[in-house]
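The block underneath contains the structure these notes are about, expressed in structure tokens.
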Amino acid sequence: MKKILITGSAGFIGMHISKYLSEKDKVLGIDNINSYYDKSLKVARINNLKKNKNFTFVKCDLNQKKKLENLIKKFKPDIVLNLAAQAGVRYSIKNPDAYIKSNILGFQNLIELCGKYKVKNFLYASSSSVYGLNNNKLNQEVDETDQPLSLYAATKKSNENIAHVYSYIYGIKTTGLRFFTVYGPWGRPDMALFKFVQNIIKNKKITVFNGGKMKRSFTYIDDVTLSLKKIIFKKNNPNKKLHDVLNIGGDKSVRLDRFILEIERNLKTRAKKKFLPVQIGDVKNTCADTTKLKNYIGYQPKTPINIGIKKFVSWYKNFYRVN
Ligand SMILES: NC(=O)c1ccc[n+]([C@@H]2O[C@H](COP(=O)([O-])OP(=O)(O)OC[C@H]3O[C@@H](n4cnc5c(N)ncnc54)[C@H](O)[C@@H]3O)[C@@H](O)[C@H]2O)c1
């Protein structure tokens with residue numbers, strides 16, 4: 001039985017992977033339960049996780065140095081999965097400080113402790129947003145990532161650089177997980193799918209940017225969870241680089257208007273739309289090349305949006321008691 005520390009476990013991806021891993025392994029979840037979005041959703045996720053006796057939760061911020069150090073010292077994790085971060089591209093224009101605090105200072109505090117307490121395997125959330133201005137049709141890990149369009153993307157790219165340093169100095173195996181627009185049950189209220197479903201149900205307008213022409217490699221949460229499990233437990237390959245990055249993205253890049261059509265079909269309602277230009281910081285298209293992931297773990301995300309959206313809508317109606 002492995003001991004796994006998961007940060008951001010009250011978050012969307014953190015909850016799903018904590019649930020999955022605590023079926024067989026011992027998971028310590030931490031989160032500061034901040035108010036970036038509805039705290040009660042985060043509390044509900046944690047209550048759901050606490051049903052499993054292999055899961056323990058401690059409220060802790062990545063910047064609470066002493067508390068975090070004591071937790072790591074006591075728990076002695078074999079693996080650390082850092083998902084805690086200030087997420088969201090648009091919010092980084094309004095509140096840049098939150099990104100520096102959690103994604104830079106908090107990240108460095110955690111990885112420093114991993115070096116000190118000799119954690120062998122450190123994985124962390126990066127993002128497809130690191131591809132920034134890069135206009136390549138297909139986003140490959142070897143592409144340039146030095147033209148970020150938002151402070152959020154810049155902090156994620158910095159994480160990759162910092163992780164490289166800690167691999168080099170301390171010999172820790174580090175893996176940056178470049179997630180592409182993850183969606184599914186228990187999803188984030190600040191993301192498009194959640195907002196669209198919520199507004200359509202409440203008969204409110206949805207805001208569509210860039211005429212719905214933007215494309216995303218939407219990635220269903222169960223595919224992410226399975227990919228993470230396979231990456232975490234992959235046997236060490238002596239030829240593999242100590243620090244590496246992997247795209248974790250859906251196998252098709254889908255236009256936003258097509259995504260909206262699928263939501264409308266599920267809710268059997270036409271959305272009222274308000275059109276706005278592309279927002280500062282937003283990348284126009286993302287398209288994940290998952291060849292590297294597939295070669296590494298023999299698997300790539302593949303759930304089609306019609307199935308993923310159906311599962312989200314069903315969760316949403318059940319959770320918020322919509323008839
Ligand atoms: N969901 C996506 O589509 C997506 C895409 C790319 C990257 N990511 C990254 O994946 C990770 C998880 O994303 P998510 O969608 O689950 O987001 P989320 O906001 O639901 O989860 C992040 C959690 O981290 C916690 N947190 C934030 N700052 C913290 C701090 N300083 N100390 C302790 N806890 C803190 C928050 O309370 C939250 O519960 C994030 O790093 C995010 O940037 C997500």
Among Lys26, Lys74, the single one that is farther than 24 Å from Ala192 by Cβ and without any contact (Cβ under 8 Å) to a residue 24 or more places away in the chain is Lys74
When every residue in region 81-107 that is of a type in the set (Val, Ile, Thr) and within 13 Å of the ligand (Cβ to nearest atom) is compared, the one nearest to Gly281 (Cα to Cα) is Val89
For Asn135, the lone unmet condition from (1) at pLDDT 95 or above; (2) surrounded by fewer than 21 Cβ atoms within 10 Å (Cβ to Cβ); (3) not hydroxyl-bearing (Ser, Thr, Tyr) is (1)
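Yes/no matrix, rows are residues, columns are (1) over 20 Å from the mean Cα position of the chain (by Cα); (2) of a type in the set (Gly, Ala, Ser):
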site: Leu5; (1), (2): no, no
site: Ala10; (1), (2): no, yes
site: Tyr20; (1), (2): no, no
site: Glu23; (1), (2): yes, no
site: Asp61; (1), (2): no, no
site: Gln64; (1), (2): yes, no
site: Glu69; (1), (2): yes, no
Answer yes if at least one residue in region 159-169 is more than 16 Å from Ile263 (Cα to Cα), within 16 Å of the ligand (Cβ to nearest atom), without any contact (Cβ under 8 Å) to a residue 60 or more places away in the chain and crowded, with 23+ Cβ neighbours inside 10 Å, and no otherwise.
yes
In region 109-157, anything small (Gly, Ala, Ser) and either touching a helix residue (DSSP H, G or I) at 6+ places or on another chain (Cβ under 6 Å) or assigned to a strand (DSSP E or B) (or both) is listed as Gly115, Ala125, Ser126, Ser127, Ser129, Gly132, Ser150, Ala153
Flagged in region 68-85 as in a loop (DSSP other than H, G, I, E, B) and in contact with a helix residue (DSSP H, G or I) (Cβ under 9 Å, 6 or more places away or on another chain), in numbering order, are Pro77, Leu83, Ala84, Ala85
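The values are calculated or read from the model by the stated rules, or taken from the named source; none is laboratory data. The shown structure was predicted, so the numbers you read here are calculated from the model rather than taken from an experiment. Ideal geometry is used to build each Cβ from the backbone, glycine not excepted, and the neighbour counts take in all protein chains shown.
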